[in-house]
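The values are calculated or read from the model by the stated rules, or taken from the named source; none is laboratory data. Please read all numbers here as calculations on a predicted model, not as lab measurements. Quick reminder, even Gly has a Cβ in these numbers, built from the backbone with ideal geometry, and neighbours come from all protein chains shown.
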């Protein structure tokens with residue numbers, strides 16, 4: 001039941017590798033009788049011998065990575081070089097932090113929700129870097145009961 005010679009001939013006719021040649025198991029006798037290229041061609045025409053699909057490598061995961069890259073540059077910690085201050089200006093960070101704090105303090109003072117002395121105290125604390133955001137300022141005011149009742 002050795003059909004290696006027929007598979008080799010079929011591979012040459014189909015222009016593919018021997019491992020891609022598929023022989024239908026029900027028609028083994030017909031394949032064993034085929035000894036010429038013409039016989040093999042007839043078996044291919046009758047779909048007894050066929051060529052299997054190439055397996056190929058899925059690009060799915062690679063395409064996923066490419067889509068992520070297209071959305072924006074890779075800006076993770078691994079690709080950063082230099083100091084934190086080289087990427088974002090410390091002075092700009094300070095400005096972005098202090099302006100909303102001072103704005104909020106002025107609003108609280110003008111609506112008389114805090115006293116002027118408390119305003120001055122909180123202003124100086126903000127200047128000293130005691131609050132990271134407006135939320136932390138409000139948390140401090142609530143914890144120390146500085147709001148007028």
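It is to be established whether one or more residues within the stretch 68-77 are under 46 Å from the mean Cα position of the chain (by Cα) and surrounded by 11 or more Cβ atoms within 10 Å (Cβ to Cβ). Give the steps one after another, and end with the answer.
Taking the stretch 68-77 as the starting set, the residues that turn out to be under 46 Å from the mean Cα position of the chain (by Cα) are 68-77.
Now narrow it down to the ones that are surrounded by 11 or more Cβ atoms within 10 Å (Cβ to Cβ): none.
No, the stretch 68-77 contains no residue that is under 46 Å from the mean Cα position of the chain (by Cα) and surrounded by 11 or more Cβ atoms within 10 Å (Cβ to Cβ).
Residue by residue, here is whether (1) assigned by TED's automatic domain parsing to the domain that holds residue 123; (2) under 30 Å from residue 128 (Cβ atoms); (3) modelled with pLDDT of 95 or more holds:
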| position | (1), (2), (3) |
| --- | --- |
| 25 | no, no, no |
| 64 | no, no, no |
| 69 | no, no, no |
| 73 | no, no, no |
| 82 | no, yes, no |
| 97 | yes, yes, yes |
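Quickly run through the stretch 54-67 and pick out the residues that are free of Cβ contacts under 8 Å to residues at least 24 places away in the same chain and either touching a strand residue (DSSP E or B) at 6+ places or on another chain (Cβ under 7 Å) or closer than 30 Å to residue 23 by Cβ (or both).
The first filter runs over the stretch 54-67 and keeps only residues free of Cβ contacts under 8 Å to residues at least 24 places away in the same chain, leaving 55-67.
Correct list: 55, 56, 57, 58.
Does at least one position in the stretch 112-132 carry a residue that is under 35 Å from the mean Cα position of the chain (by Cα) and either surrounded by fewer than 10 Cβ atoms within 10 Å (Cβ to Cβ) or assigned to a helix (DSSP H, G or I) (or both)?
Looking for residues that are under 35 Å from the mean Cα position of the chain (by Cα) and either surrounded by fewer than 10 Cβ atoms within 10 Å (Cβ to Cβ) or assigned to a helix (DSSP H, G or I) (or both), one finds none in the stretch 112-132, hence no.
I'm checking my understanding of the structure. Among residues of the stretch 4-39 that are touching a strand residue (DSSP E or B) at 6+ places or on another chain (Cβ under 6 Å) and closer than 20 Å to residue 54 by Cβ, which one is surrounded by the most Cβ atoms within 10 Å (Cβ to Cβ)? Give the derivation first.
Initial filter on the stretch 4-39 (touching a strand residue (DSSP E or B) at 6+ places or on another chain (Cβ under 6 Å)): 7, 10-11, 14, 16, 20, 22-23, 31.
Remaining after also requiring closer than 20 Å to residue 54 by Cβ: 7, 10-11, 14, 16, 20, 22-23.
Working: 7: 20, 10: 27, 11: 18, 14: 19, 16: 14, 20: 17, 22: 15, 23: 18.
Only one residue fits best here, namely 10.
Would you mind stating whether residue 86 is more than 30 Å from residue 6 (Cβ to Cβ) and surrounded by 10 or more Cβ atoms within 10 Å (Cβ to Cβ)? Lay out the reasoning, then the answer.
Values: more than 30 Å from residue 6 (Cβ to Cβ): yes; surrounded by 10 or more Cβ atoms within 10 Å (Cβ to Cβ): no.
The answer is no for residue 86.
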